[in-house]
Amino acid sequence: MRTAFIAAALLLIVGSGQTGVAAEPSFPEVSKLPARADLPDPLVMFNGERVTTKEQWLDKRRPELKQLFQHYMYGYLPAPPAKVEAKLEREDKQALGGKATLREVTLSFGPPETPKIYLLLIVPNDRKGPAPVFLGLNFRGNHSVLSDPKIRLSTSWMPGNYPGVKDNRATDASRGTQADAWNVEQIIERGYALATIYNGDIAPDRPDAPERLQLHYPKKAEAKPGPHDWGTIAAWSWGLHRAVDYLVTDKDIEKDKIIVVGHSRLGKTALVAAAFDDRIAISMPHQAGCGGTAPSRGKIGESVKQINDRFPHWFTGAFKEFNDQTDRLPFDQHCLAAIVAPRPVLFTNAVEDTWANPDGQFQMLQAADPVYRLLGAGGLDAKKAPETNTLIDSKLGYFIRPGKHSMTKDDWKVFLDFADKHLGKPKG
Ligand code: GCU
C-alpha cells in the first residue's frame, strides 16, 4: 500500500454547468394544479406560452422544468460546495493483471460530519491520452465490483439480504459479488475507465437514515424533511456531481467524456444526475422505470403510489400527493430526458422486466424528441420500439433484450457501443 497523500484541493465549481438553487419558486399546491390525462407538451411553458426557439427553450423552459421537477418530485438539490477535497488513498498501477491502474480516492466537503464519498477509479493502462469514463453508483460497495482483496470494504449501512452482509454491514464474503454486473475487464479492454461509488455511502437506501447526506449538508438539518426537501435520489445524483468535480481534474480522464450509467433505482439517479449537471456527456439509465424513465401517468408497471409507499425516502414529500392523481403532474418523465438535450440519452431494458414498463419508456423518448429536434440535435430515429437485441443508436437511444431485471455483460456491450458511436472510439 502506498503512502496516502492529499492529491487535490479547492475545486471551484461556479459556472460548471450545474444548477444551484437559490430560492424555491412559488408554484401552486398540488390540489390547484390542472389535471391532464395526456402527456404535458415539453414545448409549452407552465403559463401556457409556446416555446418555438432554441433560446426560449434554453433560457426559459429548460430552467422552469428543472425547478418543477425539484419542487414536485425529487426535491431541491443544494448548490455545489465551494471546495471538494480529494485524497488519494491507494494506487495500484498493476491492477487486472497489469491492464489497468486502480485508485481509491476519498472526497470530502462541507461541515465535518458530512458523509465522505469513496470513489473507486480504474483506468486502462493501454491508451494514448486520457480515457473516457463510465461513472455509476453501485448497490453493494466498491469492494463488490472486483474481487480485489485490497479494495476498501465499505463500512456504511447495507441491506441485510445482500450476499456477505451481516448485521447490515459488509464482510469479506461480499467482495466481488457484483463483478458480473460491472464487467470491469470488458470496460477496460474497450478503452474506457470506470468510476464507481457505493450509493449507501452518500445516503443509505432506507427511510430516516440519520447518516444520510441530506441531514448534514449544506448544514445540519431537521430530521423530518419539508415538502420540497431533497429525497434520496436527488442526494445520490448530487453525490455523482461531486465525483464529476473530481474527475474533471484527473489528468487521466477525458473530462468532456463522462458517461453516467446506473441500474434500476440507480438508473433513475443517472438520468436526474445528467439533467442537473451539463458536464455529464451521456446518460444511460438501465431498466430504470417508474420515477426515472417510465411515465408516471398510465397503469402499466410500477405506479407512483406503489413507489412512494415502498420507498418514501426516494422523492420529496410533495410527490406523495400525486399518488392518486398523477394527471396533475405538470410534467412527465419525457421532460426529464428533454432537459438532458442535446446530449445523448440511452434507455435500455429487458422483455421480462415489465415492472419498469419498457414500452412506456420508448414513448417517453418519442415525447422528448421534439425538444432534441428544436435544438437541431437529432432525436429518436425509430417510429416504433425495436425488436429485441437491436440498438437504436440515435441521440435518443433505445435497446431491449430478452431476459430479466439485471445488468449483464451483454448490456455493457450495448453501453460501450452507444458511447463509441457518440463520443468516438477511445484511442487505444
Ligand atoms: C424495486 C422498485 C423499482 C426499482 C427497483 C430496483 O423494484 O420498485 O422502482 O427500480 O426496485 O432498484 O431494483
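Some notes on this structure:
- Checked against the criterion of being touching a Phe, Trp or Tyr at 6+ places or on another chain (Cβ under 9 Å), of a type in the set (Gly, Ala, Ser) and either closer than 17 Å to Leu120 by Cα or open to solvent by less than 20 Å² (accessible area, probe 1.4 Å) (or both), segment 238-261 contains not a single residue that satisfies it.
- Any hit, segment 118-135, residues being open to solvent by 10 Å² or more (accessible area, probe 1.4 Å) and aliphatic (A, V, I, L, M): no
- Long-range neighbours under 6 Å by Cβ, at least six apart or interchain, first residue in a strand (DSSP E or B) and modelled with pLDDT of 95 or more within segment 277-303, second buried (at least 24 other Cβ atoms within 10 Å of the Cβ) and hydroxyl-bearing (Ser, Thr, Tyr): Pro285/Thr293; His286/Thr348
- Screening Thr348, Thr388 for residues that are β-branched (Val, Ile, Thr) and open to solvent by 10 Å² or more (accessible area, probe 1.4 Å) leaves exactly one candidate, Thr388.
So that you can scan it fast, the table gives a plain yes or no per residue for (1) within 16 Å of the ligand (Cβ to nearest atom); (2) hydrophobic (A, V, I, L, M, F, W, C):
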| position | (1), (2) |
| --- | --- |
| Met364 | yes, yes |
| Ala377 | no, yes |
| Asp393 | no, no |
| Tyr398 | no, no |
| Asp410 | no, no |
| Leu416 | no, yes |
| Asp420 | no, no |
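- Among the candidates Asp420, Asp411, Asp393, Asp381, residue that is among the acidic types (Asp, Glu), under 21 Å from the mean Cα position of the chain (by Cα) and open to solvent by 30 Å² or more (accessible area, probe 1.4 Å): Asp393
- Residue that is surrounded by the most Cβ atoms within 10 Å (Cβ to Cβ) [pool: residues in segment 304-323 that are under 19 Å from the mean Cα position of the chain (by Cα) and either hydroxyl-bearing (Ser, Thr, Tyr) or part of a loop (DSSP other than H, G, I, E, B) (or both)]: Trp314
- Filter result for Arg297 (open to solvent by 10 Å² or more (accessible area, probe 1.4 Å) and either of a type in the set (Asp, Glu) or more than 7 Å from the ligand (Cβ to nearest atom) (or both)): yes
- Selection from segment 263-274 of residues that are within 16 Å of the ligand (Cβ to nearest atom) and either within 14 Å of Trp238 (Cβ to Cβ) or assigned to a helix (DSSP H, G or I) (or both): Arg265, Leu266, Gly267, Lys268, Thr269, Ala270, Leu271, Val272, Ala273
- If the condition is being touching a helix residue (DSSP H, G or I) at 6+ places or on another chain (Cβ under 9 Å), more than 12 Å from Leu146 (Cα to Cα) and surrounded by 15 or more Cβ atoms within 10 Å (Cβ to Cβ), then segment 158-185 contributes Met158, Tyr162, Gly164, Val165, Ala170.
- When Gly403 is tested against (1) crowded, with 19+ Cβ neighbours inside 10 Å; (2) of a type outside the set (A, V, I, L, M, F, W, C); (3) more than 20 Å from the chain's Cα centre (by Cα); (4) closer than 30 Å to Val145 by Cα, only condition (1) is not met.
The values are calculated or read from the model by the stated rules, or taken from the named source; none is laboratory data. No experiment lies behind these values; they were computed from the predicted model shown. Because the Cβ atoms are built from the backbone with ideal geometry, glycine has one as well, and the counts that use them run over all protein chains shown. Heads up: the accessible areas ignore ligands, DNA and RNA and are worked out on the full protein's heavy atoms, side chains in. Shrake-Rupley method; radii C 1.70, N 1.55, O 1.52, S 1.80 Å.
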